[in-house]
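Below is one structure, written out as structure tokens; comments come after it.
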């Protein structure tokens, strides 16, 4: 006879052989983190949430989260997730006074879903091991709408026992988890390389659409031809639509973050002595966008640069 979850938050069903509902911390409730944490709550887990902006914490509390007033409060459980914008934010919540290293119990697991540098991931791994904690890198592919729908893809790496403990949490906000290695930083390398490829798609779509549009071909019809024949992957439909409609605000993934990821993939490539000439071009495309007021735009706005350079409107003109 199948067992069902008894009432009450945090009820542990591990002895029943089914999903184990646990108390977990979640740090970072931005465009991605809020949807991920909300899905953990929906799955029955007790979530202690922290964010620098208290209004985000209050909004998640309305969905059932326990509010935390500090990073330390969010580390009261056995597992703490972080979903933050960049290396500096991750370092601040991990290494700062009262941060994750200070507050997570021995044996606790820090799961970093942030897109961070390979170097920082290696530093985090060593630091957590040094105080008897565990570290799992689990960056995700998908935009905010996928986070809200529980349709992300997780790329995870870490000690197998740690991955096993947290895999049930990934199931709450993703449709599939790919475990790539026992070395956490390799998951970050895979994520950075994937974002590099997405930026390639955005730039090449923008160039092709600028070409045909200047000749008088309807951009939406052109996109339908592409996605119905040669390029059926969702990334072409998603970003082609944003470029065709110039839907760059509000940003699902802001242009400065795209610039950051291209810089990080170039740094990783330099360490491995792998030339990435297209990544260097993409870095300059993001710099062009940012230098012309594109900080608040979605990173897909680099796909509008070629049309602008060919005499069309600037990406920033729809603000």
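The values are calculated or read from the model by the stated rules, or taken from the named source; none is laboratory data. Note that the coordinates shown come from a computational prediction; the quantities given were computed from them, not determined experimentally. Glycine also receives a Cβ, built like all others from the backbone with ideal geometry; neighbour counts cover every protein chain displayed.
Assorted remarks:
- Residue among 23, 5 that alone is buried (at least 16 other Cβ atoms within 10 Å of the Cβ), at pLDDT below 95 and either over 25 Å from residue 255 (Cα atoms) or in contact with a strand residue (DSSP E or B) (Cβ under 8 Å, 6 or more places away or on another chain) (or both): 23
- The range 289-319, subset surrounded by fewer than 15 Cβ atoms within 10 Å (Cβ to Cβ) and assigned to a helix (DSSP H, G or I), residue farthest from the chain's Cα centre (by Cα): 309
- Residue within the range 159-168 that is in contact with a helix residue (DSSP H, G or I) (Cβ under 8 Å, 6 or more places away or on another chain) and either surrounded by fewer than 23 Cβ atoms within 10 Å (Cβ to Cβ) or more than 30 Å from residue 310 (Cα to Cα) (or both) present: no
- Total residues in the range 61-100, condition on the phi > 0 side of the Ramachandran plot and out of contact with any strand residue (DSSP E or B) (no Cβ under 8 Å at 6 or more places or on another chain): 1
- Odd one out for residue 114, checked against (1) surrounded by fewer than 22 Cβ atoms within 10 Å (Cβ to Cβ); (2) touching a strand residue (DSSP E or B) at 6+ places or on another chain (Cβ under 7 Å); (3) assigned to a loop (DSSP other than H, G, I, E, B): (1)
- You will find that of 48, 41, the residue that is part of a strand (DSSP E or B), farther than 22 Å from residue 251 by Cα and either free of Cβ contacts under 8 Å to residues at least 40 places away in the same chain or outside the structural domain of residue 131 (by TED's automatic domain parsing) (or both) is 48 and no other.
- Test: residue in the range 193-203 that is surrounded by fewer than 18 Cβ atoms within 10 Å (Cβ to Cβ), under 23 Å from residue 307 (Cβ atoms) and in contact with a helix residue (DSSP H, G or I) (Cβ under 8 Å, 6 or more places away or on another chain): yes
- Qualifying residue in the range 88-97 (condition: free of Cβ contacts under 8 Å to residues at least 40 places away in the same chain, surrounded by fewer than 16 Cβ atoms within 10 Å (Cβ to Cβ) and under 22 Å from residue 34 (Cα atoms)): yes
- Which listed residue, of 173, 231, is surrounded by 15 or more Cβ atoms within 10 Å (Cβ to Cβ), on the phi < 0 side of the Ramachandran plot and without any contact (Cβ under 8 Å) to a residue 12 or more places away in the chain: 231
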